[in-house]
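> Mind looking over this structure? Questions follow.
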Ligand code: FES
């Protein structure tokens, strides 16, 4: 018998279980409702729970052998898993996609984010997801955003090599760990598919990213790249392939294209927004895709906020109308992360503490003892960031000649979209008020796009059509952007 300690939003419970049965079965028998769209066959990857000391596991595949502490998904996370099923495709596994180089072929889909990297390990015999691993991108030590990493390459002779080594060594560590745990070797790793922004893909392949940051912003490549195993820096079968998915431009990357490709065709007109230092925005109208990238700056990542910090333990991640703060890890606050600052500024606007122009008389104190506060300059940073994103949306709508009444949905992709309060984002003017009720966070759509590419050949033709039918709108060249940007700086006070 082993003991399972379960932490959920209902509290903490300890249960006894037998060794050798899946965590999903153990949890189910104890009355926990684990979301399992594929019925425990390892296909959907949505029955994830967090195991202390191990990380995120697929609960239907994970069999604990000793006492284990399990953290169940919070309501927000669980909601996103449900919405992923509702809005993202799950193509049937096609066995033919396996290169057939070994008896136990493994594929890996990677969402190569600037901040977070997620790996999905797929069994290429039955299509089951064996493991999901994630880690902070080790390139963070060279800069938190793409421009600072490109600058590092520009200013250091060995910069590109250092950045490439940082990410490939970490990916190799994860893949080697996975293979060793199962008694496999790198020859079993036959295919890797990567989605990421244009800069991240250049750094992975060791291609010079500097042209991405210099006018006319022409990357070395935007098309799909295929590297044979023996010419890649990833430890895979020498005859296997490392594939990076196609990008649209220097600042609309394969992460957006893969995310768009995996959306179910539920609507004719919809927006797809990934908020980060560069807000990547796509507007789909029928078969045409208008896309742009809006330079929002690092405010939503906490970087340009006086008490800002990343969304890690100690960060204020939420703020309610009764003044209650949510802190990651339930400890004393050390700073404010993106979702926290969005909540706080929206609250200040709702209460009239910040006026329509963004003026606030005194700094707003969040936690006196730890000197956590929001300053006038912080409000300014948020105004700049929210106006960039909203103006990008408005420009695309103008180019397509449609109004918000014609837009059926707005999908929020990526990590930040998972955690912000949609109500706060609307109150702030970051997202359009007219679309309230039609805004859906779809989580890691780029990673799911790469995963679907790995398991089925259907998505490749979708990606091809998307690229072919896309119109890239360069906001730095858009004559109406400065006016839009100025107009959208103000806050609209809606209700108290
Ligand atoms: S229930 Fe689908 S992977 Fe576990």
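> Out of the residues in segment 177-204 that are touching a strand residue (DSSP E or B) at 6+ places or on another chain (Cβ under 8 Å) and within 14 Å of residue 251 (Cα to Cα), which is surrounded by the most Cβ atoms within 10 Å (Cβ to Cβ)?
195
> When residue 313 is evaluated against the numbered criteria (1) over 25 Å from residue 456 (Cβ atoms); (2) in the same structural domain as residue 471 (by TED's automatic domain parsing); (3) within 16 Å of the chain's Cα centre (by Cα), which criterion, by number, is the only one it fails?
(3)
> Could you tell me which of the residues 52, 66, 98 is more than 11 Å from the ligand (Cβ to nearest atom), without any contact (Cβ under 8 Å) to a residue 40 or more places away in the chain and either closer than 25 Å to residue 174 by Cβ or touching a helix residue (DSSP H, G or I) at 6+ places or on another chain (Cβ under 7 Å) (or both)?
52
> Residue by residue through segment 442-471, note down the ones that are under 18 Å from the mean Cα position of the chain (by Cα) and more than 18 Å from residue 44 (Cβ to Cβ).
none
> Further, regarding this structure: What tally of residues in segment 334-377 results from selecting those that are more than 24 Å from the chain's Cα centre (by Cα) and within 21 Å of residue 488 (Cβ to Cβ)?
16
> Could you give me the residue pairs with C-beta distances under 6 Å whose first residue belongs to segment 370-383 and is free of Cβ contacts under 8 Å to residues at least 60 places away in the same chain, whose second residue is in a strand (DSSP E or B) and surrounded by fewer than 22 Cβ atoms within 10 Å (Cβ to Cβ) wherever it lies, and which are 6+ apart or on separate chains?
Here the result reads 376/360; 379/360, each pair linking segment 370-383 to a residue that is in a strand (DSSP E or B) and surrounded by fewer than 22 Cβ atoms within 10 Å (Cβ to Cβ).
> Quickly run through segment 69-86 and pick out the residues that are within 15 Å of the ligand (Cβ to nearest atom) and over 22 Å from residue 413 (Cβ atoms).
Correct list: 70, 72.
> Determine which single condition residue 382 fails, assuming it passes every other condition in (1) within 22 Å of the chain's Cα centre (by Cα); (2) part of a helix (DSSP H, G or I); (3) under 26 Å from residue 265 (Cα atoms).
Going through (1) within 22 Å of the chain's Cα centre (by Cα); (2) part of a helix (DSSP H, G or I); (3) under 26 Å from residue 265 (Cα atoms) one by one, residue 382 breaks only (3).
> For segment 1-48, enumerate the residues that are near the ligand (Cβ under 10 Å from one of its atoms) and touching a helix residue (DSSP H, G or I) at 6+ places or on another chain (Cβ under 7 Å).
Correct list: 34, 35, 36, 37, 40, 46, 47.
> Take the residues in segment 1-41 that are part of a helix (DSSP H, G or I) and either out of contact with any strand residue (DSSP E or B) (no Cβ under 9 Å at 6 or more places or on another chain) or without any contact (Cβ under 8 Å) to a residue 40 or more places away in the chain (or both), then tell me which one is surrounded by the fewest Cβ atoms within 10 Å (Cβ to Cβ).
So, considering only residues that are part of a helix (DSSP H, G or I) and either out of contact with any strand residue (DSSP E or B) (no Cβ under 9 Å at 6 or more places or on another chain) or without any contact (Cβ under 8 Å) to a residue 40 or more places away in the chain (or both), the one surrounded by the fewest Cβ atoms within 10 Å (Cβ to Cβ) is 29.
> Still on this structure, please answer the following. Of the residues 226, 150, 171, 192, which is closer than 24 Å to residue 100 by Cβ, outside the structural domain of residue 48 (by TED's automatic domain parsing) and assigned to a helix (DSSP H, G or I)?
Unique residue meeting the criteria: 171.
The values are calculated or read from the model by the stated rules, or taken from the named source; none is laboratory data. A quick note: this is a predicted structure, and the numbers were derived from the prediction, not measured. As a convention, Cβ positions derive from the backbone with ideal geometry for all residues, glycine included, and neighbour counts pool all protein chains shown.
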